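Single-structure report; data block below.
Nothing in this text is a laboratory measurement; each read-out follows from the coordinates by a stated rule. Predicted model, so just to flag it, every value in this text is computed and none were measured. Cβ coordinates were reconstructed from backbone atoms using ideal geometry, including for glycine residues, and neighbour counts include every protein chain displayed.
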Amino acid sequence: MARAASTRRKAVFTIIGWVAGLAVFFPILWTFLTSFKTEGTAIATPPQFLFFEWTLENYATVQERSNYMRHMTNSIVMSVGSTLIGLLIAIPAAWAMAFAPTRRTKDILMWMLSTKMLPAVGVLVPIYLIFRDWGLLDSLAGLTGVLVMVNLPIIVWMLYTYFREIPGDILEAARMDGASLRNEIIYVLTPMAVPGIASTMLLSIILAWNEAFWTLNLTASEAAPLTAFIAAYSSPEGLFWAKLSAASTLAIAPILILGWFAQRQLVRGLTFGAVK
Amino acid sequence: MRLKTWLLGAACLGSFAGVAGAETLTIATVNNGDMIRMQGLSNHFTEQNPDIDLEWVILEENVLRQRVTTDIATKGGQYDVMTIGTYEVPIWGKQDWLLPLDDLGPDYDVDDLLPAIRSGLTVDGTLYAAPFYGESSMTMYRTDLFEEAGLEMPDAPTWDFIAEAARTLTDKEDELYGICLRGKAGWGENMALLTAMANSFGARFFDEQWNAQFDQPEWKETISYYVDLMNEAGPPGASSNGFNENLALFQTGKCAMWIDATVAASFVTNPDESQVADNVGFALAPDNGLGKRGNWLWAWSLAIPAGTQQAEAAQKFIAWATSKEYLELVAEEEGWANVPPGTRASLYENPEYLAAAPFAKMTLESIEAADPNDPAVDPVPYVGVQFVAIPEFQGIGTSVGQQFSAALAGQVSVDDALASAQQITTREMTRAGYGE
């Protein structure tokens, strides 16, 4: 009896899990399906799910109108670049906060996070003027720099949380064995924190990939990433859903594939230290 | 080592990205059919001008507006040609943010530009932007439904007729609604319709001393008419409908009438997109017998920001894209029906165009019926038919639009919405120092 109840319970939870999963995934699935419809079918009521005339016309139009490869390369360079630079700064910073805290460490952490509380548009004009004067407008170097600053508070916070889970005694033992600070961070701390660093890295890449405010406002053509590519396909006057869906599918495909392969690391990292 | 290589690579790419060729024109434009066509045909321009390369930045309208406004206000110099509307030109022209278009070539024939459109792009006698395509608003209706109901749409209907016809044709059980109008809040959304509509009811945004006028009876009449009509004969959830939502409703046969941009005519008569393509008629936007119609005026135009280093090449490109020859090129490559409308008088004398575009006559009459310099029945201190060409208008228009959208959704009464609109507008105008 107990076993039957537990099986039934398991089945119910499995169904709930699947429903929740499908609900989360549905917008992406719908975007994917819409990208194969004509503009007319895309707005048809009732909506057509699978049985419509499939067409690749939207992908052909998008390829013809935009330089997808350039946008994608820009997205990769700025998201990976900003993440690597961010980690280079954040790992030592998080080490200091986790293992050599001072009275003010909590305040510094909170102060770093507070930069995320200001709406980005509030600092658009000063940043734009700095970029103009330094010749950084529409350049990957400038954009990467901004994304480092935008994501740094989150990277530091995440790494700080992971590092706090690592017993300080191990680092102390390394020190006793004569390891320098540099060696301690590179050979002892970093390998132990790999899951945390990996998930931080992935999250930072995803956040940079999806960042739409700065990437749209500080670029024109040369450094424009995939966010600008998508923004070219929406319109307040005229039908655009099918073409926009094709552009969106192309824009999310690389990051979706990366996420798919790295999902184990991502989940492990995100739940690291959650259960004690 | 690898990391260093990566960073070095990223930095090099970045610095190269900032360097542009001496004669590369960066053109910022809006995503719509006519502009995309221009991009497609631009190889004709580069063939004629091999020393000029074109780099296109195509963005959604609101993103584009934010982008080019930031750039021009800070003299960022990222663009050499900008696509802007009739709202921006008077403001930016006065600020000297745009270069005057005084060298468009001997064959340009500037006098062929439609006077209503040209006057909206001229500041103190100087043309600051060349119109690429112009639009107004008009009434689109289902000829089959009108015939069935024994109604006949006049060429120039009144608001009374529209209300009566809408109520007669509504059949909510069959999901057929007498009229579809914009309800989504925004200065370019419901406020475009309501400001133009208010003009025909004798209302105005400001009196000559820049005092807000929402406490006047004409505004109450306009908004009460709109809310009552939409509640009785409009589709459900109309307060979130913009152009595209209404387009989809009309194309799928759910609206008997739709008053919106003239550009919609080519969409609703296209059999590939529209289920009612063969049964669409056109009439002017309605009036109330006060001498002003409820139609707006807009032109997407090409202008040169003052910060450009390539003014000469930019002017050359604008002259090409807005010339009579360009219209002929589009006709040759894609047919007369696809020519960008509403900019040149000669186009409306061309029999081939008139035969290919059944909505041409109505488009021209609608454009000619709007006067941006004298939009309302009573005198006003501003330029603009469905907007007020002052920098504060985007904020005011959107806040007021939210009030009217809430009134349509039934969240507030018409009186409360008007009182809030009056308060918001007065506060913003006082803050900005008008009327002092």
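Would you kindly derive the ³J(HN,Hα) couplings of segment A:90-101 from the backbone phi angles with the Karplus curve 6.51 cos²θ - 1.76 cosθ + 1.60 (θ = phi - 60°), listing them in order in whole Hz, with x for Gly and Pro?
Here the 3J(HN,Hα) series is 6, 4, x, 5, 5, 4, 4, 6, 7, 10, 10, x Hz.
Over chain B, what is the relative contact order in whole percent, taking alpha-carbon pairs under 8 Å and six or more residues apart?
For chain B, the relative contact order is 25 percent.
How would you rank B:375-386, B:73-84, highest first, on the average number of other Cβ atoms within 10 Å across their residues? Display every interim value, and only then the final one.
On the way: B:375-386: 20.6, B:73-84: 22.5.
Highest mean packing first, the order is B:73-84, B:375-386.
Would you work out which of B:Gly234, B:Met197, B:Ala149 lies farthest towards the positive end of the dipole of segment B:131-249, given +1 charges on the beta-carbon of Lys and Arg and -1 on that of Asp and Glu, about the Cα centre?
B:Met197
Mean separation of Cα pairs under 8 Å and 6+ residues apart, divided by the residue count of chain A: what relative contact order is that in percent?
Contact order relative to length: 31 percent.
Once you sort the root eigenvalues of the Cα gyration tensor of chain A as a ≥ b ≥ c, which label holds: rounded (a/c under 1.5), prolate (a/b larger than b/c) or oblate (the other case)?
Oblate.
So if I place +1 on the C-beta of Lys and Arg and -1 on the C-beta of Asp and Glu, and nothing else carries charge, what would the dipole magnitude of chain A be about its Cα centre? I want it in debye, nearest 20.
1080 debye
Under 20 Å between alpha carbons, and skipping anything fewer than 8 positions from B:Lys75 in its own chain: which aspartates and glutamates qualify?
The qualifying aspartates and glutamates are A:Asp133, A:Asp138, A:Glu222, B:Glu23, B:Glu55, B:Glu88, B:Asp96, B:Glu312.
Under the rule of -39500 (n - 2.57) per DSSP H run of 4 or more residues, summed and divided by the residues of chain B, what mean residue ellipticity at 222 nm is obtained, to the nearest 500 deg cm²/dmol? Could the numbers behind the result be given before it?
Values: 18 runs with 189 residues, N = 436.
The per-residue figure over chain B is -13000 deg cm²/dmol.
For the ranges B:296-304, B:274-282, B:29-37, what's the packing order if you count other beta-carbon atoms within 10 Å of each residue, average per peptide, and put the highest first?
The densest-packed peptide leads the list: B:296-304, B:29-37, B:274-282.
Residue farthest toward the positive end of the dipole of the protein assembly as shown, with Cβ of Lys/Arg at +1 and Asp/Glu at -1: which of A:Pro167, A:Asn67, B:Ala166?
Value computed over the given set: A:Pro167.
At 4 °C and a viscosity of 1.567 mPa s, what translational diffusion coefficient does Stokes-Einstein give for segment A:1-71, taking Rh as the Kirkwood radius over Cα pairs? Give it in µm²/s as a whole number.
Estimated via Stokes-Einstein, D reaches 84 µm²/s.
From the P(r) of the protein assembly as shown, can you give the percent of Cα pairs sitting at distances over 50 Å?
Result: 22 percent of Cα pairs exceed 50 Å.
Would you please give the FRET efficiency between B:Lys324 and B:Ala73, computed as 1/(1 + (r/R0)^6) with r the Cβ-Cβ distance and R0 = 41 Å, to the nearest 0.05? If you can, show how the numbers build up before the last one.
Numbers: r = 34 Å, r/R0 = 0.83.
Computed FRET efficiency for B:Lys324 and B:Ala73 comes out at 0.75.
As an exercise, use a Förster radius of 22 Å and the Cβ-Cβ distance of B:Glu55 and B:Asp109 to find the FRET efficiency, rounded to the nearest 0.05.
Using R0 = 22 Å, I get an efficiency of 0.15.
Within segment B:144-183, which GluC sites (Glu not before Pro) sit in a loop by DSSP and count at most 13 neighbouring Cβ atoms inside 10 Å?
B:Glu152, B:Glu175
From other protein chains only, count the Cβ atoms within 10 Å of every residue's Cβ in A:235-246, then give the mean. Present the calculation step by step, with values, prior to reporting the outcome.
On the way: counts 11, 14, 17, 13, 8, 4, 2, 0, 2, 2, 0, 0.
So the per-residue partner count for this stretch is 6.
Take B:Gln411 and B:Asn211, extend 7 Å from each Cα along the Cα→Cβ direction, and tell me the distance between the two endpoints in nm.
Taking the simple label geometry, B:Gln411 and B:Asn211 are separated by 3.1 nm.
Under 5 Å between amide hydrogens, which residues at least 5 positions from B:Leu98 or on another chain qualify, with H placed 1.01 Å from N in the peptide plane?
Under 5 Å from the amide H of B:Leu98 lie the amide H atoms of B:Ala306, each far enough along the sequence or on another chain.
Treat each spin label as a single point 7 Å out from the Cα along the C-beta direction, and report the B:Ser224 to A:Leu88 distance in nm.
My value for the distance between the label points is 7.0 nm.
Taking a virtual spin label 7 Å from the Cα of A:Thr190 along the C-beta vector, which residues in segment A:135-166 bring their backbone nitrogen under 17 Å of it?
It comes to A:156, A:159-160, A:163, nothing else.
Note the full-extension length gain between A:Phe49 and A:Arg182 as 0.36 nm times their separation in residues minus their Cα-Cα distance, in nm to one decimal.
42.2 nm
With runs of 4+ DSSP H residues as the only contributors, calculate the mean residue ellipticity of chain A at 222 nm using -39,500 (n - 2.57) per run, divided by the residue total and rounded to the nearest 500.
About -22500 deg cm²/dmol.
A:Met176: net charge of surrounding residues, Cβ under 12 Å, Lys/Arg +1, Asp/Glu -1, itself excluded?
Surrounding charge for A:Met176 is -3.
Could you tell me the relative contact order of segment A:68-232? Use alpha-carbon pairs under 8 Å, at least six residues apart, and round to a whole percent.
Working: 151 pairs, mean separation 72.2, N = 165.
Normalised by residue count, the contact order of segment A:68-232 is 44 percent.
So what J values fall out for segment B:304-317 if you push phi through Karplus, 6.51 cos²θ - 1.76 cosθ + 1.60 with θ = phi - 60°, rounded to Hz, Gly and Pro as x?
Each residue of segment B:304-317 in turn: 10, x, 4, x, 6, 9, 10, 4, 5, 5, 5, 5, 4, 5 Hz.
Roughly speaking, what is the stretch gain from A:Thr7 to A:Arg175, that is 0.36 nm per residue apart minus the C-alpha to C-alpha distance, in nm to one decimal?
The A:Thr7-A:Arg175 span can extend by a further 55.3 nm.
What's the magnitude of the charge dipole for chain B around its Cα centre, counting Lys and Arg as +1 and Asp and Glu as -1 at the beta-carbon? Answer in Debye, nearest 20.
Once rounded to the nearest 20, the dipole reads 1560 debye.
Near the amide H of B:Tyr133, under 5 Å away, which other amide H atoms are found, from residues 5 or more places off or on another chain, if H is placed in the peptide plane?
For B:Tyr133, whose amide H was placed from the backbone, the distant partners under 5 Å are B:Trp300.
Which listed residue (A:Val125, A:Ile89, A:Ile154) has the Cα farthest towards the positive end of the charge dipole for chain A, taking +1 on Lys and Arg C-beta and -1 on Asp and Glu C-beta about the Cα centre?
A:Ile154
Write out the trypsin sites (Lys or Arg not before Pro) in segment A:135-187 meeting two conditions: DSSP loop, and at most 10 other Cβ atoms within 10 Å of their Cβ.
none
Can you compute the charge dipole magnitude of segment A:88-213 about its Cα centre, using +1 on each Lys and Arg Cβ and -1 on each Asp and Glu Cβ, nothing else charged? Give it in debye, rounded to the nearest 20.
280 debye
Among the listed pairs B:Lys94/B:Lys324; B:Lys184/B:Lys361; A:Lys243/B:Lys361; B:Lys172/B:Lys254; A:Lys37/B:Lys184; B:Lys184/B:Lys292, which are separated by more than 21 Å between their Cα atoms?
B:Lys94/B:Lys324; B:Lys184/B:Lys361; A:Lys243/B:Lys361; A:Lys37/B:Lys184; B:Lys184/B:Lys292
Give a residue-ordered list of calculated ³J(HN,Hα) values for segment A:170-178 (Karplus: 6.51 cos²θ - 1.76 cosθ + 1.60, θ = phi - 60°; whole Hz; x for Gly, Pro).
Once θ is set to phi - 60°, the couplings for segment A:170-178 become 5, 5, 5, 4, 4, 5, 4, 7, x Hz.
Residue by residue through B:67-80, how many Cβ atoms from other chains fall within 10 Å of the Cβ on average? Working shown, then result.
On the way: counts 7, 1, 0, 6, 5, 0, 2, 9, 2, 8, 2, 10, 2, 0.
What the average comes to for B:67-80 is 4.
Helix B:2-18 sits at what angle to the longest principal axis of chain B, using alpha carbons and giving 0 to 90 degrees rounded to 10?
Taking the Cα atoms of chain B, the angle to B:2-18 is about 80 degrees.
State, to one decimal in nm, how far the label point of B:Asp96 lies from the label point of A:Met110, with both points 7 Å from Cα in the Cβ direction.
Taking the simple label geometry, B:Asp96 and A:Met110 are separated by 5.0 nm.
Among the DSSP beta bridges whose two residues both lie in chain B, what percent are antiparallel, rounded to the nearest 5?
70 percent
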